[in-house]
Amino acid sequence: MFDDKAFMRAKFQPRTAEVSVPGLAAFFPEETTPVWTVRNMTGDELAKSMEATARQKDMDTLIKALANQSAQIDEIRASLGIGDDVAVELAKRLEQLVMASVDPVIDKPLAVKLAENYPIEFYQLTNKIIELTGLGADLKK
């Protein structure tokens, strides 16, 4: 039988994992192991990542309203990883990597550049985030 009282008293912390990213070694200090630390997502973060496509369309509309030249619009879209040509799965994973990267902490343009240039590492990191999310948070000792 589930002990709801014990569950409510429990303290939790993010579940983390280090992911080896040897392909990115050139971007880590020499003599260090290229490792990227990620964590599980919360329920709210998971929902937000699943809504990434809708937010992407809203942002695209806003960019079109603010920018006055098509080159400027395309540049802004590319830097944010948004637009009609961005796959739904990619938009979701970009959000997940930004939210759940512990070390390094990253922003959306960095996630976009990583996905474009190192897609295998990008998917390894987001797969680990999804795996950790499925396992849930760790109990604090």
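The values are calculated or read from the model by the stated rules, or taken from the named source; none is laboratory data. The structure displayed is predicted, hence computed values, not measured ones. Neighbour counts are summed over all protein chains in view; Cβ atoms, including those assigned to glycine, are modelled from backbone coordinates with ideal geometry.
One line per residue, one yes/no per condition, for (1) of a type in the set (K, R); (2) at pLDDT 80 or above; (3) in contact with a strand residue (DSSP E or B) (Cβ under 7 Å, 6 or more places away or on another chain):
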{"residue": "R77", "(1), (2), (3)": "yes, no, no"}
{"residue": "G81", "(1), (2), (3)": "no, no, no"}
{"residue": "A87", "(1), (2), (3)": "no, no, no"}
{"residue": "L90", "(1), (2), (3)": "no, yes, no"}
{"residue": "Q96", "(1), (2), (3)": "no, yes, no"}
{"residue": "S101", "(1), (2), (3)": "no, yes, yes"}
{"residue": "P109", "(1), (2), (3)": "no, yes, no"}
{"residue": "L114", "(1), (2), (3)": "no, yes, no"}
Filter the stretch 25-42 down to the residues that are touching a Leu at 6+ places or on another chain (Cβ under 9 Å) and aromatic (F, W, Y) and list them by number.
W36
Single condition M50 does not satisfy, out of (1) within 12 Å of the chain's Cα centre (by Cα); (2) modelled with pLDDT under 70
(2)
What number goes with the only condition from (1) more than 28 Å from L135 (Cβ to Cβ); (2) modelled with pLDDT under 65 that E30 does not pass?
(2)
Taking the conditions exactly as written (of a type in the set (S, T, N, Q) and under 14 Å from K48 (Cβ atoms)), does Q124 satisfy them or not?
no
